[in-house]
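Undergrad: Sharing a structure, written as structure tokens. Questions coming.
The values are calculated or read from the model by the stated rules, or taken from the named source; none is laboratory data. Just so it is clear, the structure is predicted and the values come from calculations on it, not from any experiment. Neighbour counts are summed over all protein chains in view; Cβ atoms, including those assigned to glycine, are modelled from backbone coordinates with ideal geometry. Note: areas computed on protein heavy atoms with side chains; ligands, DNA, RNA excluded. Shrake-Rupley method; radii C 1.70, N 1.55, O 1.52, S 1.80 Å.
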Amino acid sequence: MKLFLDTANFNEIREAANTGILDGVTTNPSLVAKENRPFKDIIKDICAIVKGDVSAEVTATDTEGMLREGRELAKIADNVIVKVPLIKDGLVAVQRFKSEGIRCNVTLCFSPTQALLAAKAGAYIVSPFIGRLDDISQVGMDLIQQIVTIYRNYDFSTQVLVASIRNPVHVADSAMLGADIATMPYGVWTQLIKHPLTDIGLARFLDDWKKVQVK
Ligand code: E4P
């Protein structure tokens, strides 16, 4: 499973990229707005240190507007994936982008039928938002199970990217279900590596080792 960071913050991306395990980055207009820098500069800087997929989202809501914005974003670097909302005009844009060789991440997916349509439109990635479903008392992970099953049933090549992740359990569950990608905030990324028993165990080993050196 690929692990992505869901942020537009360069320092967080650099920290994660330095581990050698980061597979890609997703951004969205809300994350970009926090950075107070020009959107295209942010994407260019991210693409300079991340070789995997970097999603950059259009803000137009009509097909022609999405195409205009998406073509500009795709010019920034070869690994830019144009992120398009899961609305009617978005599904049309995805098909046009595909015919031009531009790959799309279809975002804001909240139902299995939306995911089915995204795959039929030729999406490279679909992004179901599980945390936001959990927030309204629906089990977000159930949606991942449904989408993975549907895509397997019909051999769709669209990758399932689990988005709106809130904790490491979401990441583990995504892997158990066979999702292709999990994207997460930097805080969750750092939590993935931590376990208190690892820290306690390491401290004990080092302590015991010191005693051996003294003898
Ligand atoms: C995915 O690509 C989105 O940027 C993101 O996961 C949304 O997460 P949120 O619900 O925490 O805003």
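Undergrad: Keeping to the stretch 164-188, report how many residues are within 10 Å of the ligand (Cβ to nearest atom), closer than 20 Å to residue 54 by Cβ and in a loop (DSSP other than H, G, I, E, B).
TA: 3
Undergrad: If you check residue 102 against the conditions, is it open to solvent by less than 60 Å² (accessible area, probe 1.4 Å), farther than 19 Å from residue 63 by Cβ and β-branched (Val, Ile, Thr)?
TA: For residue 102, the condition - open to solvent by less than 60 Å² (accessible area, probe 1.4 Å), farther than 19 Å from residue 63 by Cβ and β-branched (Val, Ile, Thr) - is not met.
Undergrad: In this structure, does residue 93 turn out to be part of a loop (DSSP other than H, G, I, E, B), away from the ligand (no atom under 16 Å from the Cβ), over 17 Å from residue 179 (Cβ atoms) and open to solvent by less than 20 Å² (accessible area, probe 1.4 Å)?
TA: no
Undergrad: Would you pick out the residues in the stretch 120-146 that are open to solvent by 90 Å² or more (accessible area, probe 1.4 Å) and either modelled with pLDDT under 95 or assigned to a helix (DSSP H, G or I) (or both)?
TA: 120, 132, 135, 145
Undergrad: Tally up the residues in the stretch 25-41 that are within 12 Å of the ligand (Cβ to nearest atom) and charged (D, E, K, R), please.
TA: Total satisfying the criteria: 1.
Undergrad: Go through the stretch 60-78 and count every residue that is closer than 25 Å to residue 182 by Cβ and either exposed (fewer than 14 other Cβ atoms within 10 Å of the Cβ) or β-branched (Val, Ile, Thr) (or both).
TA: 2
Undergrad: Could I ask something else about it? Against the conditions (1) within 16 Å of the ligand (Cβ to nearest atom); (2) assigned to a loop (DSSP other than H, G, I, E, B); (3) of a type outside the set (Asp, Glu), where does residue 157 fall short? Just the number, please.
TA: So residue 157 meets the others, but not (1).
Undergrad: Could you list, in sequence order, the residues of the stretch 49-59 that are open to solvent by 10 Å² or more (accessible area, probe 1.4 Å) and closer than 18 Å to residue 101 by Cα?
TA: Residues satisfying the conditions are 52, 53, 57.
Undergrad: Quick one: count up the residues across the stretch 4-39 that are touching a residue at least 12 places away in the same chain (Cβ under 8 Å) and outside any helix (DSSP H, G or I).
TA: 16
Undergrad: Please name all residue pairs, on different chains or six or more residues apart, with Cβ atoms under 7 Å, provided the first residue is in the stretch 40-59 and is in contact (Cβ under 8 Å) with a residue 60 or more places away in the chain and the second residue is of a type in the set (S, T, N, Q) and not in a helix (DSSP H, G or I).
TA: Cβ pairs passing all conditions: 53/79; 55/26; 55/27; 55/105.
Undergrad: Test of understanding: among 46, 81, which residue is touching a Phe, Trp or Tyr at 6+ places or on another chain (Cβ under 9 Å), open to solvent by less than 30 Å² (accessible area, probe 1.4 Å), at pLDDT 95 or above and away from the ligand (no atom under 13 Å from the Cβ)?
TA: Result: 46 is the single residue among 46, 81 that is touching a Phe, Trp or Tyr at 6+ places or on another chain (Cβ under 9 Å), open to solvent by less than 30 Å² (accessible area, probe 1.4 Å), at pLDDT 95 or above and away from the ligand (no atom under 13 Å from the Cβ).
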